[in-house]
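**Q** Sending over a structure as structure tokens; questions will come in a sec.
The values are calculated or read from the model by the stated rules, or taken from the named source; none is laboratory data. Quick caveat: nothing in here was measured; it's all calculated off a predicted structure. Positions of Cβ are generated from backbone atoms using ideal geometry, with glycine treated the same way; all protein chains shown enter the neighbour counts.
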Amino acid sequence: MASIPPPLARALVRDVSFTLDAGDRVGIIGESGSGKSLTSLAALDLLPDTLTASGSVRLDGHEIVGRPDAALRSLRGPVAEIVFQEPLTALDPLMRVGRQIAEPLRRHLGLRGAGLREAVARALAEVALPDERVARSFPFELSGGQRQRVAIAIALAAQPRLLIADEPTTALDVTVQDGVLGLMERLVRERGMALLFISHDLAVVSRMVERIVVMQGGAVVEEGPVMRIVREPQHPYTTSLVESARALDAALDAVAPGEGGPS
Ligand SMILES: Nc1ncnc2c1ncn2[C@@H]1O[C@H](COP(=O)(O)OP(=O)(O)OP(=O)(O)O)[C@@H](O)[C@H]1O
Ligand SMILES: [Mg+2]
């Protein structure tokens, strides 16, 4: 899918093919460098300039590969949005959070004045942030978990039908991660949105999606429903992922016997 143009041509990701229908929740799992992020960036035509995608990517029926930028930008927002691992890279460091949330509401939903202010407050309430204080803050004044909640509020502002989340909680500590994942899961369900959720953590992916695509070395090695992948992995790489997740579970049980679960 993603490749450097000739003469340096070397495919970084090959033969990736999958479909997300309305309301589907699909996970991509794979080790670092397996091509998860490039796949999701290609799906929204957000690849870096030095890389190109070939083949076909259809977003809401529109072909993306080779399409002019301007036409694409109108699809992003209402159709699909992305949440990245480190929200500081996605947020504008010099703009107060309230204005950053207002931007997509104004651009895609045409809100102005009091209606816009109310929508910003609603968006912050939905991600469980105290709106008054947070709206006036700059990103650096917030905690990592709060920043990720703001990034989710911005991504959801234009009511996209597809949310892509690329390791949205990897930078957060475990308890904060839990809150952000729970929030994202609830919002996606309530709105009937499709979700493409990327992670290297099988336990996290399994919680968020119904179907998993397993990538290794720039290619898809296996795809199937979560239960089938976890119970009967077909590919040796998937088997190793399942086994290491089990080993971690067992190690945690050994450290804290009975804690927090049925004993
Ligand atoms: N801009 C780029 N130019 C050249 N090669 C790149 C570029 N971005 C990524 N790559 C390479 O493409 C491959 C896939 O990268 P990608 O970022 O998709 O991996 P990933 O599965 O998301 O990994 P991680 O779990 O670490 O985020 C890697 O070998 C990476 O080094
Ligand atoms: Mg990545």
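**Q** If you scan region 188-208, which residues turn out to be crowded, with 18+ Cβ neighbours inside 10 Å and among the aliphatic types (A, V, I, L, M)?
**A** V188, M193, A194, L195, L196, I198, L202, V204, V205, M208
**Q** Answer yes if at least one residue in region 22-43 is of a type outside the set (D, E, K, R) and away from ligand 1 (no atom under 16 Å from the Cβ), and no otherwise.
**A** The answer is yes; a qualifying residue exists.
**Q** Let me ask another. From the list V204, V221, exactly one residue is touching a Phe, Trp or Tyr at 6+ places or on another chain (Cβ under 7 Å) and without any contact (Cβ under 8 Å) to a residue 40 or more places away in the chain. Which is it?
**A** Testing whether each residue is touching a Phe, Trp or Tyr at 6+ places or on another chain (Cβ under 7 Å) and without any contact (Cβ under 8 Å) to a residue 40 or more places away in the chain leaves just V221.
**Q** While we're here: Could you check region 224-243 and list, in sequence order, the residues that are polar (S, T, N, Q), part of a helix (DSSP H, G or I) and touching a residue at least 12 places away in the same chain (Cβ under 8 Å)?
**A** T238 - this is the single residue of region 224-243 that is polar (S, T, N, Q), part of a helix (DSSP H, G or I) and touching a residue at least 12 places away in the same chain (Cβ under 8 Å).
**Q** Determine whether T52 is of a type in the set (S, T, N, Q) and either over 17 Å from A219 (Cβ atoms) or modelled with pLDDT under 85 (or both).
**A** Taking the combined requirement at face value, the residue satisfies it.
**Q** Oh, and also: Need at least 2 residues that are more than 16 Å from ligand 2 (Cβ to nearest atom) per element, so show me which helices (runs of 4 or more DSSP H) inside region 6-102 make the cut, counting only ones lying wholly within it.
**A** By residue number, 69-73.
**Q** Yes or no: region 153-160 includes at least one residue that is surrounded by fewer than 20 Cβ atoms within 10 Å (Cβ to Cβ), in contact (Cβ under 8 Å) with a residue 24 or more places away in the chain and out of contact with any helix residue (DSSP H, G or I) (no Cβ under 8 Å at 6 or more places or on another chain).
**A** Looking for residues that are surrounded by fewer than 20 Cβ atoms within 10 Å (Cβ to Cβ), in contact (Cβ under 8 Å) with a residue 24 or more places away in the chain and out of contact with any helix residue (DSSP H, G or I) (no Cβ under 8 Å at 6 or more places or on another chain), one finds none in region 153-160, hence no.
**Q** Inspect all residues belonging to region 93-106 and state whether any of them is surrounded by fewer than 17 Cβ atoms within 10 Å (Cβ to Cβ), touching a residue at least 12 places away in the same chain (Cβ under 8 Å) and touching a helix residue (DSSP H, G or I) at 6+ places or on another chain (Cβ under 6 Å).
**A** Yes: one or more hits.
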